[in-house]
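Have a look at the structure below, then the notes.
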Amino acid sequence: MNLINTNNNTTSLLNGDCIEMFKEIADESIDLIITDPPYNLGNFMKARQTNLKKMRSNFFGDAGWDNDSYEDWLNHMDSFIKESRRVLKKNGAMIIFMSIIKVESIINMAQNNGLYYKTTGIWHKTNPMPRNMNLHFINSNECWIYFTNKTKTGTFNNNGKAIHDFFESSVTPSSEKKYGKHPTQKPESLIESFVKILSNRNDTVLDCFMGSGTTGVVSKRLGRNFVGIELNEEYFNIAKQRINDVDNENYRIDIEELTN
């Protein structure tokens, strides 16, 4: 385990399979899980989008980690959700990013493992890759699914404002990829919204499929503890560099933001 300490907050990074690494995490120790697991679309996309690799040099379908059979994917996701519920505190929350066609599967597994389903929302990308734009509608949306543990509600820092289940932003800018690229990297602005709304300062945030570390970067900036798990050593090292680099940023956090 790699430990990164910043003032009173701690970041813990684990390089390995998340099901095995969960053993390092105590029961009911996590306030918020934000994670982006494999969508199990690699083989599906390679069969449909013949020109995708030419348009995207780091196409996730060629990475190898998204090519499980549906049954293997279900088993892995079920184990991940079961362990997630174990480590979540009562009133803890979980956000899982997922392909629209797999949302029902995730909701069923989560409910079977005792999580309370809150809602399914949309991340709309304002500048998606316009692949096959003359053949069909451009794919510009990804889903996120919101659950709570052992309760029907939890932390929700809306400050009296109505917050829709719809987030809109550009795809991840190149400035957030200076240490290396991840094919499904989410922008920091998107993850920041969830961390601010669903957790408080000094809470502990977990990302079980950390990738290049976006959740860790945002959590550290906002004064949260963070636990990150990533299987791929290359992405793990990118995440470690990005999270370490937060200390060197001239990044201003308003006092009002730190109270949330």
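Odds and ends about this structure:
- Selection count where residues are part of a helix (DSSP H, G or I), of a type outside the set (Gly, Ala, Ser) and in contact with a strand residue (DSSP E or B) (Cβ under 7 Å, 6 or more places away or on another chain), scope segment 93-138: 5
- For the residues Thr119, Thr126, the requirement of being within 25 Å of Asp203 (Cβ to Cβ) and either in contact (Cβ under 8 Å) with a residue 24 or more places away in the chain or not polar (S, T, N, Q) (or both) singles out Thr119.
- Residue count for segment 183-198 under the criterion of being modelled with pLDDT of 95 or more and either among the basic types (Lys, Arg) or assigned to a strand (DSSP E or B) (or both): the result is 1.
Results for (1) at positive phi; (2) among the basic types (Lys, Arg), shown as yes or no for each residue.
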residue	(1), (2)
Asn91	yes, no
Ile95	no, no
Ser99	no, no
Ala110	no, no
Leu115	no, no
Pro128	no, no
Arg131	no, yes
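- Pairing residues of segment 207-235 that are at positive phi and among the small types (Gly, Ala, Ser) with residues that are buried (at least 24 other Cβ atoms within 10 Å of the Cβ) and part of a loop (DSSP other than H, G, I, E, B), at Cβ distances under 8 Å and at least 6 apart in sequence or on separate chains, gives Gly211/His182.
- Filtered residue count, segment 159-173, keeping only those that are at pLDDT 85 or above and either outside any loop (DSSP other than H, G, I, E, B) or farther than 28 Å from Asn108 by Cβ (or both): 10
- Residue selected from segment 171-219 under the condition in contact with a Lys or Arg (Cβ under 7 Å, 6 or more places away or on another chain), small (Gly, Ala, Ser) and under 17 Å from Lys240 (Cα atoms), by the criterion surrounded by the fewest Cβ atoms within 10 Å (Cβ to Cβ): Ser212
- Answer residue from segment 111-145, given it is within 20 Å of Val195 (Cβ to Cβ) and among the charged types (D, E, K, R) and is modelled with the highest pLDDT among those: Lys118
- Residue within segment 100-109 that is surrounded by fewer than 16 Cβ atoms within 10 Å (Cβ to Cβ) and either within 17 Å of the chain's Cα centre (by Cα) or within 24 Å of Ser189 (Cβ to Cβ) (or both) present: yes
- Scanning segment 16-48 for residues that are buried (at least 19 other Cβ atoms within 10 Å of the Cβ), of a type in the set (S, T, N, Q) and at pLDDT 95 or above gives a single hit, Thr35.
For (1) of a type outside the set (Phe, Trp, Tyr); (2) more than 15 Å from Ile34 (Cα to Cα); (3) in a loop (DSSP other than H, G, I, E, B); (4) modelled with pLDDT of 95 or more, each residue gets a yes or a no:
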position: Phe147; (1), (2), (3), (4): no, no, no, yes
position: Asn157; (1), (2), (3), (4): yes, yes, yes, yes
position: Lys181; (1), (2), (3), (4): yes, yes, yes, no
position: Asn200; (1), (2), (3), (4): yes, no, yes, yes
position: Gln241; (1), (2), (3), (4): yes, yes, no, no
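- Unmet requirement for Leu206, which otherwise passes all of (1) at pLDDT 95 or above; (2) more than 26 Å from Leu41 (Cβ to Cβ): (2)
- Flag if Gly228 is touching a Gly at 6+ places or on another chain (Cβ under 7 Å) and assigned to a helix (DSSP H, G or I): no
- Each residue in segment 110-156 was checked for being hydrophobic (A, V, I, L, M, F, W, C) and over 19 Å from the mean Cα position of the chain (by Cα), and 5 of them qualify.
The values are calculated or read from the model by the stated rules, or taken from the named source; none is laboratory data. Bear in mind the structure is a predicted one, so any value in this text is a computation, not a measurement. Using ideal geometry, Cβ is built from the backbone for each residue, glycine included, and neighbour counts are taken over all protein chains shown.
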